[in-house]
Every structure is written in C-alpha cells, then in structure tokens.
Amino acid sequence: MALLLEADPDEAQVHQYLEGAWGFAAQKGNQIVAACVVKLSPNCQSQAELHNIGVLPEYQQQGIGSGLLRFVIERLRQKSLQRIELGTGSFGHQLGFYQRHGFRVEAIWRDHFLNNYSEPIYENGIQHKDMLRLGLTLSVVPER
Ligand SMILES: CC(C)(COP(=O)(O)OP(=O)(O)OC[C@H]1O[C@@H](n2cnc3c(N)ncnc32)[C@H](O)[C@@H]1OP(=O)(O)O)[C@@H](O)C(=O)NCCC(=O)NCCS
C-alpha cells in the first residue's frame, strides 16, 4: 500500500480499483521496490486501465519505473489487449514518463482531482485539478 500511495495519495481510491485487478511488482533482493496495478475495463475486455505505478522514493530515477512499465505493456500485448489507458495529472514529470513510452493525451477531465479526492493534491506548490486521460494502442506483433 505504501508503494501504491506514492502514486495515488487517496487510500479509498486505491481500494476501489484493487479488487479484480492485476498486480505487477519489481523486486530487489527480498524487497518490493516498485508496483503497478492494471485492470480490464469493465465495458471492453480488450482494453485495460493502468491505475497505478509507483517506485519507492530511494529507488526512483534509476530506470526501475521504465523497466516495470515496459514489462507491463509487453504482458498486456501478449494477452492480446488492444489498448491501455490511464489518468494522470496535467503537469509534472509523470507526463513525460508516460509519453516516452508512447502514451498520447486523449482527453481532459476537468476538476477531476477537486471532485473525487478528499484532500487537495499539491506537487511543486501547484494544486492538481484536472486529470489528463492518456491512451496507448498496442500494435499486434505479427506471428512468424
Ligand atoms: C513516475 C515513476 C513511476 C517513474 O519511475 P522511475 O523509476 O523514477 O523512472 P525512471 O528512472 O524509469 O525514469 C524515467 C524518466 O522519468 C524521469 N523522472 C523520473 N522521476 C523524475 C523526477 N522526480 N523528476 C524528474 N524526472 C523524473 C527520469 O529522469 C527519466 O527520464 P530519462 O529517461 O530522460 O532519463 C516514479 O518516479 C514514481 O513512483 N513517482 C511517484 C509516483 C507517481 O507519480 N506515479 C505516477 C502516477 S501518475
């Protein structure tokens, strides 16, 4: 939970998407240092939502988050999923992180963080208000 709260500070929100979701983790020795939660979209079984990805602060910026995200994307591709979507803040390094892996901005959910989170979320002194919706289309790797 500590890892998941790195990405999503509202524990009630985290509990909402954990049930029935797939969990992925990166381990160093015996310690889990990164985690990612993905869930099939309720209305479309070829689509999944990436709800959470977090790396322990002392292990961030060492390539672990990128490695885990690449692994998750590859696994979902192997499961024949066609699309991954996610929501993130409208500013901050996370936006570049996802775009580097091919995600594109598709929509803005205005006031999402104001209306759905019990506490205000600040990053670099700026309050998160709007959620950007990002999507990645998984190209099918042709069989040999
Ligand atoms: C976002 C997160 C998962 C990225 O994982 P990571 O292991 O730190 O990232 P990587 O080391 O793989 O770095 C990927 C890129 O993001 C950049 N980056 C990562 N953290 C950064 C930070 N705090 N500030 C600026 N850039 C950062 C890296 O510089 C790197 O860029 P490069 O490829 O040009 O060198 C991780 O920082 C994290 O857990 N953050 C807190 C939780 C969070 O915000 N999750 C996403 C919710 S939307």
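The values are calculated or read from the model by the stated rules, or taken from the named source; none is laboratory data. Owing to the predicted nature of the structure, the values given are computational and were not obtained by experimental measurement. Here the Cβ positions follow ideal geometry from the backbone for every residue, glycine too, while neighbour counts run over all protein chains shown. We work out accessible area using only protein heavy atoms, side chains counted, and drop any ligands, DNA or RNA first. Shrake-Rupley method; radii C 1.70, N 1.55, O 1.52, S 1.80 Å.
Remarks
- Over the chain, Cα pairs under 8 Å with separation of 6+ residues give a relative contact order of 21 percent.
- For the stretch 1-139: rounded, prolate or oblate by the Cα gyration tensor [a/c cutoff 1.5]: rounded
- Calculated [θ] (222 nm, deg cm²/dmol) that DSSP helices of n ≥ 4 give over the chain, each run adding -39,500 (n - 2.57): -8000 deg cm²/dmol
- Annotation: per residue accessible area for the stretch 35-126 equals 60 Å², rounded to a whole number [probe 1.4 Å, protein chains only].
- Accessible surface of the chain, 1.4 Å probe, proportion on carbon and sulfur as whole %: 47 percent
- For Lys28, a cut-off of 30 angstrom between C-alpha atoms picks up these lysines, skipping any fewer than 8 places away in its own chain: Lys39, Lys79.
- With a Förster radius of 35 Å applied to the C-beta separation of Glu11 and Ser139, the computed FRET efficiency comes to 0.45.
- Modelled this way, with points 7 Å down the Cα-to-C-beta line, the labels at Arg75 and Asn30 are 2.3 nm from one another.
- Protection-proxy order for peptides 20-31, 125-136, each taking the mean of Cβ atoms within 10 Å per residue, highest first: 125-136, 20-31
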